[in-house]
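Taking it in order: structure first as structure tokens, then the write-up.
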Amino acid sequence: MTRTSPWWTDGDETIALVSEDGERIPHPELDTMITDLTIDDLRGLYRDMAVVRRIDTEATALQRQGELGLWAPLLGQEAAQVGSARALRTDDFVFSSYREHAVAHLRGAKPVELLRMCRGTAHSGWDPLEIRMAPMQIIIGAQTLHAVGYGMGIRNQESDDVAVTYFGDGATSQGSVSEAMVFAASFNLPVLFFCQNNQYAISEPVGLQSRAPLAQRALGFGIPAIRIDGNDVLAALAATRFALAHIREHGAPVFIEAITYRMGPHTTSDDPSRYRPEQELEDWRTRDPLLRLERLLAAADESTGLRDLADSESDEIARVLREECLALSDPDPEEIFAHVYSTEHRVIDRQRSFLSAYLGMFEEEGS
Amino acid sequence: MTVATMRSALNAGLRRALSEDGDVVLIGEDIGRLGGVFRVTDGLQDEFGPRRVVDAPLAEGAIVGTAIGLAYRGFRPVVEIQFDGFIYPAMDQIVTQLAKLHYRTRGQVRFPVTIRMPFGGGVGAVEHHSESPEAYFAHTPGLRVVTCATPQDAYDMLRQSISDDDPVIFLEPKRRYHTRGELDESVSGRVLHPLHEGRVLRAGSDVTLVVYGALVQTALDAAEAAAAEGVSLEVIDLRSLSPVDDRLIEDSVVRTGRLVVAHEAPLQGGVGASIVAAVTDRCFEFLEAPPTIIAGFDTPYPPAKLERHYVPDLDRILDGVDRVLGRPHAGVEKP
């Protein structure tokens, strides 16, 4: 049965616009959100997903080779991230967690900027005001509150842009995420809560975080929710467009739960074989987001050369990424003290001078 | 120039900040319709509306997190935390976010958030209403921490804090909210004392006495009493707890050779310990006696009927003075 309304009320059902076999599933309201999509746009979405997957794979390889301290792979979550990010306006502002590499890339972060944090050369990769996306957040759920404050600013200025916050299933147990929903609902703020339920918070299955669908949390706070198949890029795109239109019109928050699957480890330090049955992963492989879009295009006889084109473009991006990553050199020691405060601070200044003189001592000895 | 209470000076400072800068937004619990439990924001919501003086749901972490988001959007938020002991749910947002975001964004985004809170004891309150949590903030890189002791400083320092582009923890000595003093609200032709410089309130030659917040008045009273016994105390109002005006303290200790630091907060890991360590390090050859810290005890803040034994008073400060002077006293070992 197909729901006529995108709003979730109960049950385990998710909205998909493309079946696992690549068949287009009609939806009376969400279809109206994507009537503008051409075959080229669909191929573009495939290209986006292929490119970020390739960036992700390259970053994982760089970590294995000792060039990155850590990497949090997004493998399996390409559709949820690409679909939602492609629905945003450039003036919307994103507050994400640490796995939203696709979102950051589509906001305008260069591939090498995605790696800077894990390379250990800076705590953030990009200029947040330039791409309108805050630095990746490591403290689980903390960024949702920043989206709320940003949304309050949008409301005060009577603007129609939206604060968008990404977080995972694990984050929904954090008090800060509940508090963010209380504030967003209470003040009626233009905030999109985009939850990627990838089934695991490191080793803990989502069932440990919640006995009810996560979308139900939002309803408890008076925030309407949409529950989508997060491996369907069309559903992610259409639902996010729908949610953003609703938010812009009503200036009120919306919650999207995208059901997806983290096919890789939590980070490169993780060993999912300790907590995840191999068969489960195999089952999810059949729901691979790239495969699904490819099948849809194949059914329309539009998949010719799709993979080859995406692969050759991705390979070139990966080659440049590797080159630029290796060229990211260690910052000067005095960078330790840069930007602790925005203006003069006597303690920082004294310690900066000390370190410089101290290191200088060794240079003299060495020369 | 008028005579005002510290509470009304703070109110006037907030009013001026709100009227001078449309980006200033106040957010806190009960600060709007009620005007705050101490009435520091009295009348401001009526004057500036509920979007600039915001009554928030009861979640301190969310209040600070919301302020951070407002700062991302270009606003200059001023948070009120209702009581010192209520700050802890906000510690994550303060320590992992607010204090570090300018650093994390490599200076590309500024976070001019002021967090005001009443602090300290002596008002006969129930648990969680009398604490002195300043050391947590002074220990956190990225924050500026200040406190005031007079209506004039309350007014000026609050306005300076709000104008500052970095996060400022602004501690208000709650038992002095109703203390009166002179207040000059004019802005032109008046040179403001720099926010992070302390002030010698009373010159003296025998002992340097460093205090801040509510203990400033106690220290001035102690200096008066000591003078009657022929002991000359130099009283320094620290004003800034991060960064500490160490030069002012050291210049004084070099002259007096003796140092007493007093605060209500517990001793261990406190602001006093840090000052004494720095003075010992840099002025060792000028010291005539080991410096002493008169502090609250390393216990939770006690029930109200016991607080007079906990909060340093005039006699305990003078006991500290006696010790650094090597004078005979009750013969009790230092704790």
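Tallying residues that are surrounded by fewer than 18 Cβ atoms within 10 Å (Cβ to Cβ) and either aromatic (Phe, Trp, Tyr) or in a helix (DSSP H, G or I) (or both) within segment B:255-272 yields 1.
When the criteria are applied in full, B:Ala228 fails the requirement of being more than 14 Å from chain A (Cβ to nearest Cβ) and open to solvent by less than 10 Å² (accessible area, probe 1.4 Å).
Screening A:Ile228 with (1) in contact with a Ser or Thr (Cβ under 6 Å, 6 or more places away or on another chain); (2) modelled with pLDDT under 95; (3) of a type outside the set (S, T, N, Q) gives one miss only, at (2).
Which residue is nearest to the other protein chains (Cβ to nearest Cβ), if the candidates are limited to segment A:324-359 and must be touching a residue at least 24 places away in the same chain (Cβ under 8 Å), in a helix (DSSP H, G or I) and touching a helix residue (DSSP H, G or I) at 6+ places or on another chain (Cβ under 7 Å)? Out of the qualifying residues, it is A:Pro333.
Among the helices (runs of 4 or more DSSP H) confined to segment A:70-181, the ones with at least 2 residues that are within 12 Å of chain B (Cβ to nearest Cβ) are located at A:111-119, A:128-131, A:142-156.
Residues in segment B:1-26 that are within 14 Å of chain A (Cβ to nearest Cβ) and more than 20 Å from the chain's Cα centre (by Cα) were compared, and the one that is nearest to A:Met152 (Cα to Cα) is B:Val25. Among the residues of segment B:279-335, those identified as among the aromatic types (Phe, Trp, Tyr) and assigned to a loop (DSSP other than H, G, I, E, B) are B:Phe297, B:Tyr301.
So how many residues does segment B:55-85 have that are closer than 22 Å to B:Tyr177 by Cβ and not in a loop (DSSP other than H, G, I, E, B)? Let's see the steps before the verdict.
Taking segment B:55-85 first, the residues closer than 22 Å to B:Tyr177 by Cβ are B:55-56, B:60, B:63, B:78-85.
Remaining after also requiring not in a loop (DSSP other than H, G, I, E, B): B:55, B:60, B:63, B:78-80, B:84-85.
Of the residues in segment B:55-85, 8 are closer than 22 Å to B:Tyr177 by Cβ and not in a loop (DSSP other than H, G, I, E, B).
When the residues of segment B:87-136 are filtered to those that are part of a helix (DSSP H, G or I) and hydrophobic (A, V, I, L, M, F, W, C), which remaining residue is nearest to the other protein chains (Cβ to nearest Cβ)? Step through it out loud before you land on a result.
Within segment B:87-136, the first condition is being part of a helix (DSSP H, G or I), and the residues that meet it are B:88-98, B:101-104, B:134-136.
If we keep only those that are hydrophobic (A, V, I, L, M, F, W, C) as well, we get B:90-91, B:94-95, B:98, B:101, B:135.
Details: B:Ala90: 10, B:Met91: 12, B:Ile94: 11, B:Val95: 10, B:Leu98: 10, B:Leu101: 8, B:Ala135: 15 Å.
The residue in question is B:Leu101.
What residue, of A:Arg319, A:Arg292, A:Arg307, is buried (at least 20 other Cβ atoms within 10 Å of the Cβ) and assigned to a helix (DSSP H, G or I)?
Numbers: A:Arg319 fails: buried (at least 20 other Cβ atoms within 10 Å of the Cβ); A:Arg307 fails: buried (at least 20 other Cβ atoms within 10 Å of the Cβ).
It is A:Arg292.
Is it fair to say A:Tyr341 is more than 27 Å from the chain's Cα centre (by Cα), open to solvent by less than 50 Å² (accessible area, probe 1.4 Å) and hydroxyl-bearing (Ser, Thr, Tyr)? Let's see the steps before the verdict.
Values: more than 27 Å from the chain's Cα centre (by Cα): yes; open to solvent by less than 50 Å² (accessible area, probe 1.4 Å): yes; hydroxyl-bearing (Ser, Thr, Tyr): yes.
In short, yes.
Only one entry in B:Arg33, B:Arg51, B:Arg39 is within 12 Å of chain A (Cβ to nearest Cβ), assigned to a loop (DSSP other than H, G, I, E, B) and not hydroxyl-bearing (Ser, Thr, Tyr), namely B:Arg51.
You will find that of A:Arg89, A:Arg132, A:Arg99, the residue that is under 23 Å from A:Arg262 (Cα atoms) and touching a residue at least 24 places away in the same chain (Cβ under 8 Å) is A:Arg99 and no other.
Name every residue in segment A:35-69 that is of a type in the set (Asp, Glu) and not in a loop (DSSP other than H, G, I, E, B), in order of residue number.
First, the residues of segment A:35-69 that are of a type in the set (Asp, Glu): A:36, A:40-41, A:48, A:56, A:58, A:67.
Passing the criteria: A:Asp40, A:Asp41, A:Asp48, A:Asp56, A:Glu58.
When A:Ser186 is tested against (1) open to solvent by 40 Å² or more (accessible area, probe 1.4 Å); (2) more than 14 Å from chain B (Cβ to nearest Cβ), exactly one condition is not met: (2). Can you pull out the residues in segment B:163-185 that are touching a strand residue (DSSP E or B) at 6+ places or on another chain (Cβ under 6 Å), part of a loop (DSSP other than H, G, I, E, B) and within 20 Å of B:Thr2 (Cα to Cα)? Hit for segment B:163-185 is B:His178, nothing else. Search segment B:54-84 for residues being more than 9 Å from every other protein chain (Cβ to nearest Cβ) and open to solvent by less than 10 Å² (accessible area, probe 1.4 Å), and hand back the single one that is nearest to the chain's Cα centre (by Cα). If we take residues in segment B:54-84 being more than 9 Å from every other protein chain (Cβ to nearest Cβ) and open to solvent by less than 10 Å² (accessible area, probe 1.4 Å), then B:Asp84 is nearest to the chain's Cα centre (by Cα). Which residues, taken from segment A:160-179, are in contact (Cβ under 8 Å) with a residue 40 or more places away in the chain and open to solvent by 20 Å² or more (accessible area, probe 1.4 Å)? Answer for segment A:160-179, where residues must be in contact (Cβ under 8 Å) with a residue 40 or more places away in the chain and open to solvent by 20 Å² or more (accessible area, probe 1.4 Å): A:Asp160, A:Gly168, A:Ser178.
Can you pull out the residues in segment B:232-254 that are farther than 25 Å from B:Asp84 by Cα, within 14 Å of another protein chain (Cβ to nearest Cβ) and open to solvent by 10 Å² or more (accessible area, probe 1.4 Å)? Give the derivation first.
First, the residues of segment B:232-254 that are farther than 25 Å from B:Asp84 by Cα: B:232-235, B:246-254.
This time we only want the ones that are within 14 Å of another protein chain (Cβ to nearest Cβ), so: B:246-250.
Selection gives B:Asp246, B:Arg247, B:Leu248, B:Glu250.
Just so you know, in segment B:192-230 the residues that are part of a helix (DSSP H, G or I) and among the charged types (D, E, K, R) include one that is farthest from B:Asp153 (Cα to Cα), and it is B:Glu224.
Filtering segment B:163-214 to residues that are among the polar types (S, T, N, Q) and either under 30 Å from B:Thr292 (Cα atoms) or surrounded by fewer than 16 Cβ atoms within 10 Å (Cβ to Cβ) (or both) leaves B:Thr179, B:Ser186, B:Ser188, B:Ser205, B:Thr208.
Residue count for segment B:274-293 under the criterion of being among the hydrophobic types (A, V, I, L, M, F, W, C) and open to solvent by less than 40 Å² (accessible area, probe 1.4 Å): the result is 7.
Among the conditions (1) within 21 Å of A:Ile256 (Cβ to Cβ); (2) modelled with pLDDT of 95 or more; (3) open to solvent by less than 60 Å² (accessible area, probe 1.4 Å), the only one that A:Arg3 does not satisfy is (2).
Scanning segment A:249-263 for residues that are open to solvent by 10 Å² or more (accessible area, probe 1.4 Å) and either over 10 Å from A:Pro224 (Cβ atoms) or of a type in the set (Gly, Ala, Ser) (or both) returns A:Glu249, A:Gly251, A:Ala252, A:Ile259, A:Met263.
Against the definition (in contact (Cβ under 8 Å) with a residue 12 or more places away in the chain and open to solvent by less than 60 Å² (accessible area, probe 1.4 Å)), how does B:Asp298 come out, yes or no? In short, no.
Tell me, yes or no, whether segment B:154-162 has at least one residue that is within 14 Å of chain A (Cβ to nearest Cβ), part of a helix (DSSP H, G or I) and open to solvent by 10 Å² or more (accessible area, probe 1.4 Å). Give the derivation first.
Initial filter on segment B:154-162 (within 14 Å of chain A (Cβ to nearest Cβ)): B:160-161.
Imposing the further condition that a residue be part of a helix (DSSP H, G or I) reduces the set to B:160-161.
Keeping just the survivors that are open to solvent by 10 Å² or more (accessible area, probe 1.4 Å) gives B:160.
The answer is yes, given that some residue of segment B:154-162 is within 14 Å of chain A (Cβ to nearest Cβ), part of a helix (DSSP H, G or I) and open to solvent by 10 Å² or more (accessible area, probe 1.4 Å).
Of the residues that make up segment B:54-67, is at least one in contact with a strand residue (DSSP E or B) (Cβ under 7 Å, 6 or more places away or on another chain) and in contact (Cβ under 8 Å) with a residue 40 or more places away in the chain? Within segment B:54-67, one or more residues are in contact with a strand residue (DSSP E or B) (Cβ under 7 Å, 6 or more places away or on another chain) and in contact (Cβ under 8 Å) with a residue 40 or more places away in the chain. Of all the numbered requirements in (1) over 13 Å from the mean Cα position of the chain (by Cα); (2) open to solvent by less than 10 Å² (accessible area, probe 1.4 Å); (3) touching a residue at least 60 places away in the same chain (Cβ under 8 Å), B:Gly122 misses one, and that requirement is (2).
The values are calculated or read from the model by the stated rules, or taken from the named source; none is laboratory data. This one's a predicted model, so the numbers in the text were calculated from it and none came from an experiment. No Cβ is skipped: glycine too gets one built from the backbone with ideal geometry, and neighbour counts run over all protein chains shown. For accessibility, only protein heavy atoms count, side chains too; no ligands or nucleic acids. Shrake-Rupley method; radii C 1.70, N 1.55, O 1.52, S 1.80 Å.
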